[in-house]
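As structure tokens, the structure follows; a few thoughts come after it.
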């Protein structure tokens, strides 16, 4: 019950601000490479820095599963195969998201403001979620959750 | 005379401040700070965990919601994280509704069809598979990097390289 309400509230806040600021995580780097515009890149930096500080502060005041060090326990990739797979996965994610015009979160925001292409994107998105969990994940397992 | 000037001056500061606050949602930096704080608080104290650093993600929360619906209606037995197993995660619904509310409130709501919808459908499918493989949409990859996740740092490097590669090839294709 609480998890539904809190996640809905998170979505509403981020969706509202995302629509107003036109924020997009792949858009930051894209705009910088294309026209040297740093407005969105600053947003990405603020997201990263705030998350780093906030998770550090949480470690000081509350019990978390992160451990005490700077690197969270159990997140170090095991072996070169995992490193290569994750980097290539990220590469595909970044490439296709940029070609499609926006990161997945921004596509939700665009869908909310009435972009038809974003609804087509989301249709493929959720269909692929079910396909991935039904047929792909059983063969290759969950590499990172 | 003096009082009049003083009052007008204070008036000016007040309206200036109000204008600056009303412009704040337009700032990407403000978005970044608020989104990260909200995600950390939701993940730590409002039950959106485990897994860790799970407060905000469009791909994983969407997968959890889609699989939760299928598990409930078809008894499909698909994978759902512990956070979204008993009650659904409604982040993606909130995103669409929140953005729709913001767009309507500011007169930016309207159906726009720029074509290429079949292509967008395919892109969406590939993006979801890649995102589930590396453990989250770009936003959650950044959150996990802030959390201290080395795997997420690698994925973030991959995403950055992919974005640069795609931008350069788009520019090359456009200027050819």
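Overview of results
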| item | result |
| --- | --- |
| Among the residues listed as A:47, A:70, A:91, the single one being at the interface with chain B (Cβ under 7 Å from one of its Cβ atoms) and either outside any helix (DSSP H, G or I) or at positive phi (or both) | A:70 |
| Within segment B:82-106, tally of residues that are under 14 Å from residue A:110 (Cα atoms) and more than 7 Å from chain A (Cβ to nearest Cβ) | 1 |
| In segment A:106-135, the residues that are more than 7 Å from every other protein chain (Cβ to nearest Cβ) and either over 30 Å from residue B:105 (Cβ atoms) or free of Cβ contacts under 8 Å to residues at least 24 places away in the same chain (or both) | A:107, A:110, A:118, A:119, A:131, A:135 |
| Check on residue B:120, within 7 Å of chain A (Cβ to nearest Cβ), at pLDDT below 90 and outside any loop (DSSP other than H, G, I, E, B) | no |
| Any hit, segment A:75-82, residues being within 8 Å of chain B (Cβ to nearest Cβ), surrounded by 23 or more Cβ atoms within 10 Å (Cβ to Cβ) and in a helix (DSSP H, G or I) | no |
| Candidates B:72, B:107, filtered to the one that is more than 19 Å from the chain's Cα centre (by Cα), surrounded by fewer than 12 Cβ atoms within 10 Å (Cβ to Cβ) and assigned to a loop (DSSP other than H, G, I, E, B) | B:107 |
| Which listed residue, of B:29, B:69, B:34, B:41, is at pLDDT 90 or above, more than 7 Å from chain A (Cβ to nearest Cβ) and closer than 30 Å to residue A:61 by Cβ | B:41 |
| Qualifying residue in segment B:124-134 (condition: more than 7 Å from chain A (Cβ to nearest Cβ), surrounded by 24 or more Cβ atoms within 10 Å (Cβ to Cβ) and assigned to a helix (DSSP H, G or I)) | no |
| Index of the failed condition, residue B:154 passing every other in (1) facing chain A (nearest Cβ under 7 Å); (2) under 22 Å from residue A:49 (Cα atoms); (3) part of a loop (DSSP other than H, G, I, E, B) | (3) |
| Unmet requirement for residue A:63, which otherwise passes all of (1) assigned to a helix (DSSP H, G or I); (2) over 26 Å from residue B:95 (Cα atoms); (3) more than 8 Å from chain B (Cβ to nearest Cβ) | (1) |
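The values are calculated or read from the model by the stated rules, or taken from the named source; none is laboratory data. Fair warning: this is a prediction, and the values are worked out from it, not measured in the lab. All Cβ positions, even for glycine, are placed from backbone atoms using ideal geometry, and neighbour counts span all protein chains on display.
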